[in-house]
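To start, the structure itself, in structure tokens.
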């Protein structure tokens, strides 16, 4: 809750990756709030009131996962909504003559996105979601201590750059400083 809130304010891309990780952590604990309280919430160096709020946040996420049927896989609607927002912004940026820097970053990433979609069979998934799915996959590999090939690292750099710029433009849009 604390980290998610901070990331959402600072970097929407990091927030989304973090929330995907939270979904997987909840699944790893079999949606059992008692295990999450014992193994996660208790580890926070926070007053009991804050720990209680964190536990409630996890309980709410668990309830949403059950209601939305994403106990085994998939993403919560709140996370899908972020992808939708970012996709909408992405399309606006591509149409804008004032956002050539973003457009250039997107076109550098596009061949890798197309290749990744072909390999994964995610043809119905948009470019932004493909980029996030790829970065989250890389994050999981790193967390598992698995080796990442040079070709994957090469493919990921343009995706990271594009999403970094998109996150920056998202913050500018939220603060009403974005010129389209």
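Quick note: the coordinates plus some simple rules give every number you see, no bench work behind them. No experiment lies behind these values; they were computed from the predicted model shown. Backbone-built Cβ (ideal geometry, glycine too); neighbour counts: all protein chains shown.
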Seminar exercise, completed: Per-residue ellipticity at 222 nm attributable to helices in the chain (runs of n ≥ 4 DSSP H, -39500 (n - 2.57) apiece, nearest 500 deg cm²/dmol) works out to -25500 deg cm²/dmol
Problem set entry | Whole-Å distance, taken between Cα centres, linking region 65-85 and region 12-36 | 11
Exercise. Using the 10 angstrom Cβ neighbour count as an exposure proxy, how do 117, 169 rank, fewest first?
Worked result: 117, 169
For this session: Tell me which label goes with the value of Rg and Dmax of the Cα atoms in Å computed from the coordinates here: (i) 15.1, 50; (ii) 15.5, 46; (iii) 17.7, 52.
Result: (iii)
For this session: Can you figure out the FRET efficiency of residue 150 with residue 104, using R₀ = 35 Å and their beta-carbon distance, to the nearest 0.05?
Result: 0.90
Exercise. On a 0 to 90 degree scale, rounded to 10, what angle separates helix 12-28 from the longest Cα axis of the chain?
Worked result: 40
Problem set entry | Estimated distance in nm for a label pair at residue 8 and residue 157, the labels positioned 7 Å out from Cα along Cα-to-Cβ | 3.4
Exercise. Residue 60 to residue 139: FRET efficiency via 1/(1 + (r/R0)^6), r the Cβ-Cβ distance, R0 25 Å, to the nearest 0.05?
Worked result: 0.60
Problem set entry | Estimated FRET transfer efficiency (residue 115, residue 31; beta-carbon r; R0 35 Å; 0.05) | 0.50
Seminar exercise, completed: Mean separation of Cα contacts under 8 Å (at least 6 apart) over the residue count of region 2-68, i.e. the relative contact order in percent, is 25
